[in-house]
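Read through the structure below, which is laid out as structure tokens, and then see the notes.
The values are calculated or read from the model by the stated rules, or taken from the named source; none is laboratory data. For clarity, every value in this text was computed on a predicted model and none was experimentally measured. Note: ideal-geometry Cβ built from the backbone for every residue, glycine included; neighbour counts use all protein chains shown. In case anyone asks, the SASA skips ligands and DNA or RNA and just uses the protein heavy atoms, side chains included. Shrake-Rupley method; radii C 1.70, N 1.55, O 1.52, S 1.80 Å.
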Amino acid sequence: MKSVFKLIFICYLIFSTNTHTCAQTKKLSVSDQLLQDSIYKSNKKKVLNFTMKEFDVLFFEYFSRKNNPDIILSKTEFYNYTVQIATFSDRLAKLYPDQKEVAAKNKEKWLSENYEEYLQYKQSQKK
């Protein structure tokens, strides 16, 4: 039961962090899509075997680094985090079949994260 509440809480966090991205479908550049595909293929098996604790570490590390004004993630680092978080949605869909639709939307949201928008966000932090 505790895991279900944790899952719901994490899904809530994920959806609430960037609500503006849910309203529109973003298109990534071809090079960004290729980078995402490469990261997905190389990390899929590892991420699908993550425990909830390992996912929590990844998730909170991403947000602490993203929100730290002194750190700018490289494109590869940025997509490495977002693709792994998206991939974990596949695991959640398998563990909680009744949440498949939520997991699919969550995955789509994370795969639509854009590095250029992240850089704009980092610029706004400096102001």
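List of remarks:
- Members of K66/K105; K53/K126; K53/K75; K105/K126; K94/K122; K46/K105 lying beyond 28 Å, as alpha-carbon distances in this model show: K53/K126; K105/K126; K94/K122
- Accessible surface, segment 52-116, averaged per residue in Å² (probe 1.4 Å): 50 Å²
- In range of the label at K122: residues from segment 37-69 whose backbone nitrogen is under 11 Å from the point 7 Å along Cα→Cβ: 66-69
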